[in-house]
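The values are calculated or read from the model by the stated rules, or taken from the named source; none is laboratory data. Source: prediction; values computed, not measured. Because the Cβ atoms are built from the backbone with ideal geometry, glycine has one as well, and the counts that use them run over all protein chains shown.
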Amino acid sequence: MGHVVVQHQNKKKKEPEEKKPAKKRSWVYFILIGAVLFSGHLGLKKFFHSPYFDVKEIRWRGVQRIDPRDLNTQFQYVLGKSLIYLNISDLHSTLLTNPWVKEALVRKVLPNQVDVLITERVPAAVEIDPRTNRMILRDSDGVILEEGKENVGDLPRMIHYTPDAYKNALTLASLLSARKNSVIDLSRPDDIRVDLGGDVLRFGEGDYQRRWERFVRVEADLRRRHDTAWEADLRFPSKVVVRARGEANE
């Protein structure tokens with residue numbers, strides 16, 4: 001019989017590979033990245049606070065009735081502040097406290113300017129205090145723009161201001177633009193009256209165009225017939241009822 005020889009080979013055991021300290025290296029990377037970012041943040045912060053970004057000018061646009069010099073005085077504190085960190089919302093809110101400012105658009109213009117576009121309110125009428133004759137300037141929304149102003153031009157004049165009647169009074173005022181001495185009485189919103197220098201028109205509420213045209217057609221005849229002050233009631237659909245002022249009924 002043949003012999004079977006079995007040889008045992010001594011296999012070398014693989015020594016375990018040394019594990020890389022992955023976690024340790026990751027923390028090192030994080031620390032390095034954090035340090036770089038922090039340094040960059042400090043650098044940017046210092047850069048943004050540099051005089052290069054200090055506000056040197058506020059540019060006002062859209063101002064006609066507001067004096068830019070008054071605005072420059074009011075917002076003098078903005079000059080020299082960092083444009084990057086300037087809170088333009090606060091600037092916008094402060095501007096809207098000015099009664100002449102209806103809206104304002106505030107923008108930062110790099111590197112050192114603030115641009116402000118203002119939409120101003122427009123005077124629409126003058127309210128006259130019947131007791132003191134003090135003039136109160138109002139816009140189309142009824143907002144008080146100025147008090148005590150003497151030179152108000154040809155703006156329509158009103159007494160006894162009431163918000164409910166104001167819009168209708170402005171509509172009526174557009175029809176009376178040629179009557180410079182007219183005063184519109186808003187004391188009764190449902191019955192607006194107009195004083196034409198002693199003579200009175202009662203318009204009631206609404207349909208002002210047609211009622212005014214009806215009065216114009218009879219005005220010449222009415223003045224020829226009446227030597228004393230009169231009141232013309234225009235509230236009726238097809239006629240004008242005229243009474244002497246002393247006989248006028250409420």
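Would it be correct to say that D90 is surrounded by fewer than 17 Cβ atoms within 10 Å (Cβ to Cβ), closer than 30 Å to T73 by Cα and free of Cβ contacts under 8 Å to residues at least 12 places away in the same chain? Full working, then the answer.
Numbers: surrounded by fewer than 17 Cβ atoms within 10 Å (Cβ to Cβ): yes; closer than 30 Å to T73 by Cα: yes; free of Cβ contacts under 8 Å to residues at least 12 places away in the same chain: yes.
So D90 fits the description; yes.
When you go through R243, R217, R211 one by one, which is the residue that is over 19 Å from A125 (Cβ atoms) and crowded, with 17+ Cβ neighbours inside 10 Å? Please lay out each step first, then the result.
On the way: R243 fails: crowded, with 17+ Cβ neighbours inside 10 Å; R217 fails: crowded, with 17+ Cβ neighbours inside 10 Å.
Sole residue among the options that is over 19 Å from A125 (Cβ atoms) and crowded, with 17+ Cβ neighbours inside 10 Å: R211.
Looking for something more than 24 Å from E127 (Cα to Cα) and either at pLDDT 95 or above or not hydroxyl-bearing (S, T, Y) (or both) - is there at least one such residue anywhere in the stretch 187-207?
Step one: list which residues in the stretch 187-207 are more than 24 Å from E127 (Cα to Cα), which gives none.
The answer is no, given that none of the residues of the stretch 187-207 is more than 24 Å from E127 (Cα to Cα) and either at pLDDT 95 or above or not hydroxyl-bearing (S, T, Y) (or both).
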Looking across the stretch 65-83 at residues that are surrounded by 14 or more Cβ atoms within 10 Å (Cβ to Cβ) and in a loop (DSSP other than H, G, I, E, B), the single one that is nearest to the chain's Cα centre (by Cα) is I66
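In the list R138, R107, which residue meets the criterion of being in contact with an Asp or Glu (Cβ under 7 Å, 6 or more places away or on another chain) and surrounded by 14 or more Cβ atoms within 10 Å (Cβ to Cβ)? Give the steps one after another, and end with the answer.
Values: R107 fails: surrounded by 14 or more Cβ atoms within 10 Å (Cβ to Cβ).
It is R138.
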Taking the stretch 220-237 and keeping residues over 44 Å from the mean Cα position of the chain (by Cα) and surrounded by fewer than 12 Cβ atoms within 10 Å (Cβ to Cβ) leaves A220, D221, R223, R224, R225, D227, T228
Of the residues in the stretch 143-185 that are among the hydroxyl-bearing types (S, T, Y) and either crowded, with 17+ Cβ neighbours inside 10 Å or free of Cβ contacts under 8 Å to residues at least 24 places away in the same chain (or both), the one that is nearest to G197 (Cα to Cα) is S182
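How many residues are under 14 Å from the mean Cα position of the chain (by Cα) and surrounded by 14 or more Cβ atoms within 10 Å (Cβ to Cβ) if we restrict to the stretch 110-124?
Result for the stretch 110-124: 5.
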Inset, instruction - Restrict the check to the stretch 190-208 and report whether at least one residue is of a type outside the set (D, E, K, R), buried (at least 18 other Cβ atoms within 10 Å of the Cβ) and assigned to a helix (DSSP H, G or I). - result: yes
Note: among L155, L170, just one is over 25 Å from T228 (Cα atoms), among the hydrophobic types (A, V, I, L, M, F, W, C) and part of a loop (DSSP other than H, G, I, E, B), namely L155
